[in-house]
Amino acid sequence: MKLLVSACLLGVPCRYDGRSVPDEKVIALMKDHVLIPVCPETMGGLPTPRVPCERQGYKVTDRDGKDRSREFFAGARAAGERFEKEGCEAAILKSKSPSCGKGCIYDGTFTGNSKKGDGITAEYFIKKGYKIYSEEDLAADPELLGKNS
C-alpha cells in the first residue's frame, strides 16, 4: 500500500522549530508499505525553521500575528496533488499540527492548549474523501493498516 506521510514523522527536519519527530511505528511501516513523505507547510512556501503557527477558525496565523492561511491552503492542495499523483490509499498525518492535525489541534492561543478540530491539510483530505490517520491512531492500533498482500 502507498501511504502519504507527514515527513517530520519519518525524521525529516521540517517542523517549525527545524526539528523532526520521528515515530518508530510509522517508520516501521516501510517494511510493508511504500511511504511518500510530505510537509504541507514547506510545500506551501513556508521556510524551516519558521515562526510557530496555529489555526484560528478558518485562518492560520503565526505567533507574531501574521496571516499564513495562504501558505497553509497552498500546501494542502500540493499535498493532495501528491496523494493523487502517487496513487496513495491513505495518509498518516502529524497530530495537533495546524496543517496535519486530525481531530485535535492547538487552540490558536499559543499556550499549548488543544481543542477538537482538524488542521488545514487534514480537513482538505477529509473533504476529498481520503483515508487519514494520525501517528496516535497507529499507536492505539498497530495493526490498523495491516500488511501488503
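Taking Lys85, is it surrounded by fewer than 16 Cβ atoms within 10 Å (Cβ to Cβ), assigned to a helix (DSSP H, G or I) and in contact (Cβ under 8 Å) with a residue 40 or more places away in the chain?
On the way: surrounded by fewer than 16 Cβ atoms within 10 Å (Cβ to Cβ): yes; assigned to a helix (DSSP H, G or I): yes; in contact (Cβ under 8 Å) with a residue 40 or more places away in the chain: no.
When the stated conditions are applied, Lys85 does not pass them.
Please pick out the residue among Gly112, Gly108 that is free of Cβ contacts under 8 Å to residues at least 12 places away in the same chain, farther than 27 Å from Met30 by Cβ, in a loop (DSSP other than H, G, I, E, B) and out of contact with any helix residue (DSSP H, G or I) (no Cβ under 7 Å at 6 or more places or on another chain). First the steps, then the outcome.
Values: Gly108 fails: free of Cβ contacts under 8 Å to residues at least 12 places away in the same chain.
Of Gly112, Gly108, the one residue that is free of Cβ contacts under 8 Å to residues at least 12 places away in the same chain, farther than 27 Å from Met30 by Cβ, in a loop (DSSP other than H, G, I, E, B) and out of contact with any helix residue (DSSP H, G or I) (no Cβ under 7 Å at 6 or more places or on another chain) is Gly112.
Modelled with pLDDT of 95 or more, farther than 18 Å from Asp118 by Cα and within 15 Å of the chain's Cα centre (by Cα): is that true of Cys53 in this structure? Considered against the rule, which asks whether it is modelled with pLDDT of 95 or more, farther than 18 Å from Asp118 by Cα and within 15 Å of the chain's Cα centre (by Cα), Cys53 comes out as no. Take Ala91 and decide whether it is under 13 Å from the mean Cα position of the chain (by Cα), part of a helix (DSSP H, G or I) and surrounded by 18 or more Cβ atoms within 10 Å (Cβ to Cβ). So Ala91 does not fit the description; no.
Out of the residues in region 36-77 that are under 15 Å from Leu4 (Cβ atoms) and without any contact (Cβ under 8 Å) to a residue 40 or more places away in the chain, state the one that is surrounded by the most Cβ atoms within 10 Å (Cβ to Cβ). Even if it seems obvious, please write down each step before you answer.
From region 36-77, those under 15 Å from Leu4 (Cβ atoms) are 36-43, 75-77; that's our starting set.
Within this subset, residues satisfying the condition of being without any contact (Cβ under 8 Å) to a residue 40 or more places away in the chain are 37, 39, 42-43.
Numbers: Pro37: 16, Cys39: 25, Thr42: 19, Met43: 21.
Looking at the filtered set, the residue picked out is Cys39.
Take the conditions (1) more than 13 Å from the chain's Cα centre (by Cα); (2) under 24 Å from Gly11 (Cα atoms); (3) at pLDDT below 95; Glu81 misses just one of them, which is (3).
Taking region 115-145 as the range and being in contact (Cβ under 8 Å) with a residue 12 or more places away in the chain and assigned to a loop (DSSP other than H, G, I, E, B) as the test, the residues that pass are Gly117, Asp118, Gly119, Tyr130, Lys131, Pro142, Leu145. Of the numbered criteria (1) under 16 Å from the mean Cα position of the chain (by Cα); (2) buried (at least 16 other Cβ atoms within 10 Å of the Cβ); (3) modelled with pLDDT of 95 or more, the one Asp137 fails is (3).
The values are calculated or read from the model by the stated rules, or taken from the named source; none is laboratory data. The structure displayed is predicted, hence computed values, not measured ones. No Cβ is skipped: glycine too gets one built from the backbone with ideal geometry, and neighbour counts run over all protein chains shown.
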